Amino acid sequence: MKKLLFVSILNCFCFTSLTLSQTSIEVFRPNARAMALGGSLVVQARDPSTIYWNPAALSGLKDREMLISINGPFTFDFVSLTQVVPLIGTFGASLSRLPALPERVDRGTLAWGRRLYKRVFVGNKFDFLKQDSTLFASTGLGIFFGNPGVGVLDKQWQEFANSKLLDKLNFGMTVHNIPLGKRIFEPSVMFGFSYIFPAPGLLLNTGYHIQKGENTNHLGLGFEFNRKVTIFLGLEDLDFNESAVGFQYTRDNFVFNFSYSKNSDKLLFTLSARISPAPAALAERYYERGVERLTLKKYKSASREFKKYLDFDLLDAKSDSTKILLSDLTKRLARTEVIIDSLFLLSSRLLTQENPKFFRAAYVLTRIKELDPDNFDAAVKLNALKPAVDVLIKKSLSDGDAEFNAEKYFAAERSFKRVLIFDKKHPTATKYLADIDKIKNELAEEYFFRGLGYYRDKSFRIAEQEFKRALKFDEKKEEVIKYLGRTRQEIRKNLKRVSKLLREGEALEQQRNYVGATNKYLEVLKLDPGNSPSTSSIAKLRPKINRFIQDKYTKGLRFHRNENYPEAIEAFLNVLSINPDHLDAKRKLARVRLDRREKAFPYLKQGEMFFQQGDWQSALESYAKALEIEPSNSKALQGEKDVQKKLQIVNLIERGRQKVNEKQYLQAETIFGDILRMDPGNRIVKIELNDTRNKINELTEEYFNDGINLFTLDRYQDAIGIWNKVLELDSNHKGALEYKQKAIERIEALKRIQNR
């Protein structure tokens, strides 16, 4: 449907004819949006019309786009096309018909723009003009500061709410009509400034044009209602007669702009369209190529492909990980270049000495091919050394087999790949390499999951080492790269925590709180196991800590002898918190706990005896004494809980009996039911509950018979009141329900008789 719409619109334009506008070149406005924004788009021409306005802003177009501008029925004054070439820039070409001078002027333009540095962009264009039969040429320059991507097809103003100031503020300058030979137009300079207010979806656009004869000021506002609809208002020289309004509608890959100029009383129309995949899809091709070349160890071409991917300025997690990967690749390439240069020098020496070492030279050149598979000079020299190479192949196969069996997989891989440099389909080398790939994948998974475990345990230094090992076996494993990045972030956070702990440890050390200082240093080692200041400080404090440990241990022994078990346990635990391997403290701690249990044991048995006898209060006191000696004794805790439950049941039985005596049988029934849920085997409560229910039944029948007597005396309302009491006791009482209904019917019948 999109293609059909585009082709239909394009056919309409193809059958139009060129006509000469009646205005002068100073007010040439290629793009309806330019007219609607006050007549200047030096920093806001975010479509192919930027070829005219400011070639530097072409940098923001990361796809292939075209634009056609109509200035009257079946006529157009501007048509343009752009194409991005990663790392080189964005190129554009346009054809325009200029409304200037008595004769018609046709112009063709070639333009280019690219990033110079971070938020600085430059551009250049060449114009080829024809007036009557005379040809002219001129050039133009542009510079742009800010973010040329704001407002392009895939980026709306509201999306920049959390962006930096320089992403929303743009400034640009362009110089037009610098003659290259004969002059047809006077040179002019245009300045532009714009600012995006993301929250309300508002654009402020200004321009100042310096041209021979008259300078002009331009002001425009844009209101982005949603992703599809935008309204523009513009003024030139703050003159209402020079005002214009515009409307922009975006649908899929098409942008339609309509504007009306009060001065010219003319309706302008512009269509711009993307005629390529979206930038993200275009960039993905380069990322996949980079991964492919990285797999083939072609690091130079891989680095270039990743740079092309990043040139599309996709602000996502994948771009962040690619930047990390590219940084590592760049460092590796720098080291590799140094190695390759030294290897070439070595191979030249081996071949130019009195007794040339062909075999060793071939080996050295093979190393160069391993480091850079596309190295042409190494390939030429190796071809001349083929006899020596054949010997090298046999040796490499033998070495590779031995290294594989010794589980030296990287060395074996290098040996077999050395063979493939000369024989790409060698069956033995190919088979071994397939086996090595399988083993490497398994090892990469193993190291990754080990790293993941350390990451979850917050052992980030060890996790980093495991993730690095995993990447050695599988450099393109995205999950590992992602977690390695997260791990390094956590390590950076921990460095701040480590610095704080070291300062706290030093302060405690100055206060002679050696145990506290040691604990701080131990915390440091948990965050950073190899931290040398903490290690040395702990070693320095060890003699003082040992004295402290001995003192605590001696106190623990004294507390134990005095049967002060809580203090003894605390003392031995203090020793073990500082030195977990202190065997004597471990033994004494176990002995204290055993002695404490033995001392609590008689009270525990006494409590159990009282429990069996039903002497709940005495049992509770015995269990309390056992817990006073050993607060964590599970049997005493459970016994205390059971006694409290029994006491609760006794209290509830008394309450239930009290309710029976007060003839509140329903409440008594509820209480006895609650007790049975707590103690289903309680026979006494079962008897009490049965007696209560019998009394409820007796009372129910008594109430029912009273109601019958009242009914026979025609006291229907009183009878209903009695039967309601019956239903409170037994909501399903058949007789009460039946006679209550009869009484209601009798009352209604009497009312009808009285109303006659």
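The values are calculated or read from the model by the stated rules, or taken from the named source; none is laboratory data. Quick caveat: nothing in here was measured; it's all calculated off a predicted structure. Note that each Cβ is placed from the backbone with ideal geometry, even for glycine, and that neighbours are counted across all protein chains shown.
Okay, here's what the table says:
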quantity	calculated
Every residue from region 311-325 that is part of a helix (DSSP H, G or I) and surrounded by fewer than 19 Cβ atoms within 10 Å (Cβ to Cβ)	317, 318, 319, 320, 321, 323, 324
Candidate set from region 371-382 (those that are assigned to a helix (DSSP H, G or I) and modelled with pLDDT of 80 or more); member that is nearest to the chain's Cα centre (by Cα)	371
Given (1) among the charged types (D, E, K, R); (2) under 56 Å from the mean Cα position of the chain (by Cα); (3) not assigned by TED's automatic domain parsing to the domain that holds residue 589, index of the condition residue 695 fails	(2)
Looking only at region 590-626, and only at residues there that are in contact (Cβ under 8 Å) with a residue 24 or more places away in the chain and of a type in the set (A, V, I, L, M), the one that is farthest from residue 551 (Cα to Cα)	619
Subset of region 152-176 [more than 24 Å from residue 67 (Cβ to Cβ), touching a strand residue (DSSP E or B) at 6+ places or on another chain (Cβ under 7 Å) and of a type in the set (A, V, I, L, M, F, W, C)]	169
Selected residue [of a type in the set (A, V, I, L, M) and surrounded by 13 or more Cβ atoms within 10 Å (Cβ to Cβ)] from 720, 687	720
Condition check for residue 396: touching a Lys or Arg at 6+ places or on another chain (Cβ under 9 Å) and at pLDDT 85 or above	yes
Hits in region 433-476 - residues which are small (Gly, Ala, Ser) and surrounded by fewer than 16 Cβ atoms within 10 Å (Cβ to Cβ)	434, 453
Search result, residues across region 347-361 that are of a type in the set (Gly, Ala, Ser) and either out of contact with any helix residue (DSSP H, G or I) (no Cβ under 8 Å at 6 or more places or on another chain) or modelled with pLDDT under 80 (or both)	348
Top-ranked residue of region 600-629 - restricted to ones that are among the acidic types (Asp, Glu) and part of a helix (DSSP H, G or I), ranked as surrounded by the fewest Cβ atoms within 10 Å (Cβ to Cβ)	628
Residue list for region 278-299, restricted to those being surrounded by fewer than 16 Cβ atoms within 10 Å (Cβ to Cβ), over 19 Å from residue 474 (Cβ atoms) and either touching a strand residue (DSSP E or B) at 6+ places or on another chain (Cβ under 9 Å) or among the basic types (Lys, Arg) (or both)	285
Filtered residues of region 160-188 (kept if in a strand (DSSP E or B) and of a type in the set (Val, Ile, Thr))	174, 175, 178
Per-region count, region 477-507, residues part of a helix (DSSP H, G or I) and crowded, with 18+ Cβ neighbours inside 10 Å	10
Exclusive hit being free of Cβ contacts under 8 Å to residues at least 60 places away in the same chain, hydrophobic (A, V, I, L, M, F, W, C) and touching a Pro at 6+ places or on another chain (Cβ under 8 Å), set 421, 462, 436	421
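Matching residues to (1) within 37 Å of the chain's Cα centre (by Cα); (2) of a type in the set (Gly, Ala, Ser):
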{"residue": "171", "(1), (2)": "yes, no"}
{"residue": "191", "(1), (2)": "no, no"}
{"residue": "195", "(1), (2)": "yes, no"}
{"residue": "198", "(1), (2)": "yes, no"}
{"residue": "201", "(1), (2)": "yes, yes"}
{"residue": "215", "(1), (2)": "no, no"}
{"residue": "221", "(1), (2)": "yes, no"}
{"residue": "230", "(1), (2)": "yes, no"}
